[in-house]
Amino acid sequence: MTFASEIPLSLGDKSPLALKPLLAAKPQDIYRHRAERLETLAEGSPLADYLKLCRSLVATQLKLAEAQEFGPAPELDMTQPIPLSLQYTDDNHYWLVQLQSLLSEMLPLVPAAVAGVIRELMALTPEQQAAYGNSLRQGHLSDVPAQYSLFLWAALSAYWAHWAPMVISRMDIAAVKQTALCPVCGSHPVASVIREEPREGLRYLHCSLCETQWHYVRAQCTNCDDAKQLSLWAFDDHQANIRIETCDHCHGYTKMLFVAKDPRMEVVADDLASLGLDSQLSDKGYSATTLNPLLLAHES
Ligand SMILES: [Zn+2]
Ligand SMILES: [Zn+2]
């Protein structure tokens, strides 16, 4: 293991048209955009109260990102294919400092019932908080009380989104393979975004934890790789810039957001605000293969 800041930068392909397998996040830009979008989507929405709570949470993540108090760089083994996966980073509890800051900031902003949840979570031992965080990262969502998951994930995500860009700049990008889970941290995607840069119609999956986007070819199931039994669904005008790809091999689906057609769209906010599509897909027998961090309070 080596301190990440001592690992040399990788060179990569500098051609402007070269396809980049990984797009590093700029967390402050992402949180600013997401908070704005949640505010817009809350107007007149039946989910308005929940969208506003999520907006406060994302605005608090922005504060953490701006404060830049993330402790020392994590120790990493850059020879591993997923350098920030839990198995190499499970002893790092610096994110718990982020959790306490996030909870203290949120406490005066939320309704009484939510404030009760925040106080309970603040009162847990760091060992219990860390154990819950590790369970979430392993995808064992039901091991964590659902009312805590939204806040735990927000702190974990702010922490790892801070370090991921530095790690990407030191990864051997040429060795990155197309995968269903994030090549940087091993977490599930939120959804696909369709980008027009550097080339038209490229699909990237957006990581639910570290906010990295990674390339994944179109017309191939992002869950099981099958390319034969896919269907593409379009819905009414209101959500015309969201399409859904279903797979009859694994019975999964992923949303695709055409963000270049409407730059106001933001992957986490628009996935959340288009929950109506998920229930239609569920009625047809398909299951989501993705994870929205703002919906964790509703998972079990
Ligand atoms: Zn990731
Ligand atoms: Zn599939």
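The numbers here are math on the coordinates, done by the rules we state, and not lab data. None of these values were measured; they are calculated from a predicted model. Using ideal geometry, Cβ is built from the backbone for each residue, glycine included, and neighbour counts are taken over all protein chains shown.
Work out the count of Lys pairs in the chain where the Cα-Cα distance is under 17 Å, with the pair 8 or more places apart or on different chains.
4
Which one, A130, I242, L156, projects farthest toward the positive side of the charge dipole computed for the chain from Cβ point charges (K/R +1, D/E -1)?
I242
So how strong a dipole does the chain carry about its Cα centre when Lys and Arg Cβ are +1 and Asp and Glu Cβ are -1, to the nearest 20 debye?
The calculation lands at about 460 debye.
What residue among S187, N223, A115 has its Cα farthest toward the positive end of the dipole of the chain, where the charges are +1 on Lys, Arg and -1 on Asp, Glu, each on the Cβ?
Of the candidates, N223 comes out farthest on the positive side.
Where is the GNM fluctuation largest for the chain (alpha-carbon springs, 10 angstrom cutoff): L57, L76, L99?
Comparing L57, L76, L99 in a Gaussian network model of the chain, the most mobile one is L76.
Pull up the DSSP beta bridges for region 189-298 and report the antiparallel fraction as a percent, rounded to 5.
For region 189-298, the DSSP antiparallel bridge percentage is about 80.
Out of M122, M256, M265, any idea which swings most in a Gaussian network model of the chain, alpha carbons joined below 10 Å?
Checking each option, the largest mean-square fluctuation is seen for M122.
I'd like the GluC sites (Glu not before Pro) in region 129-218 restricted to DSSP loop residues with at most 13 other Cβ atoms within 10 Å, sorted by number.
Counting only loop positions with at most 13 other Cβ atoms within 10 Å, the GluC sites (Glu not before Pro) in region 129-218 are E196, E200.
Treating only the Cβ of Lys, Arg, Asp and Glu as charged (+1, +1, -1, -1), what charge dipole size does region 112-199 show about its Cα centre? Round to the nearest 20 debye.
Here region 112-199 has a charge dipole of around 180 debye.
At a threshold of 8 angstrom on Cα-Cα distance, excluding pairs fewer than six apart, so keeping six or more, what relative contact order does the chain reach in percent?
21 percent
How large is the charge dipole for region 24-175, taken about the Cα centre, if only the Cβ atoms of Lys, Arg (+1) and Asp, Glu (-1) carry charge, to the nearest 20 debye?
About 380 debye.
Determine the sum of side-chain charges near L38: Lys and Arg each +1, Asp and Glu each -1, restricted to other residues whose C-beta is under 14 angstrom from that of L38.
Details: positive: R32, R34, R37, K52, R55, R264; negative: E36, E39, E43, D49, E266, D270, D271.
Net local charge, L38 excluded: -1.
Could you pull out every whole DSSP H run in the chain that spans at least 15 Å of Cα extent along its own axis and averages 0.5 or higher on the Kyte-Doolittle scale?
95-106, 112-123, 146-168
Compute the Cα gyration tensor for region 16-147, then decide on rounded, prolate or oblate, letting a ≥ b ≥ c be the square roots of its eigenvalues: rounded whenever a/c is under 1.5, prolate when a/b is larger than b/c in the other cases, and oblate in all that remain.
oblate
Kindly provide the trypsin sites (Lys or Arg not before Pro) of region 190-281 that DSSP labels as loop, not H, G, I, E or B, and whose Cβ sees at most 11 other Cβ atoms within 10 Å.
Sparse-neighbourhood loop trypsin sites (Lys or Arg not before Pro): R199, K228, K261.
Taking only Cα atoms and a 10 Å spring cutoff, compute GNM fluctuations for the chain and point out the largest among P21, P111, P183.
The residue that fluctuates most here is P111.
Based on DSSP H runs of at least 4 residues, each adding -39500 (n - 2.57), what is the mean residue ellipticity at 222 nm of the chain after dividing by all its residues, to the nearest 500 deg cm²/dmol? List each step's numbers first, then the result.
On the way: 9 runs with 115 residues, N = 300.
Taking each H run of at least 4 residues, the total per residue is -12000 deg cm²/dmol.
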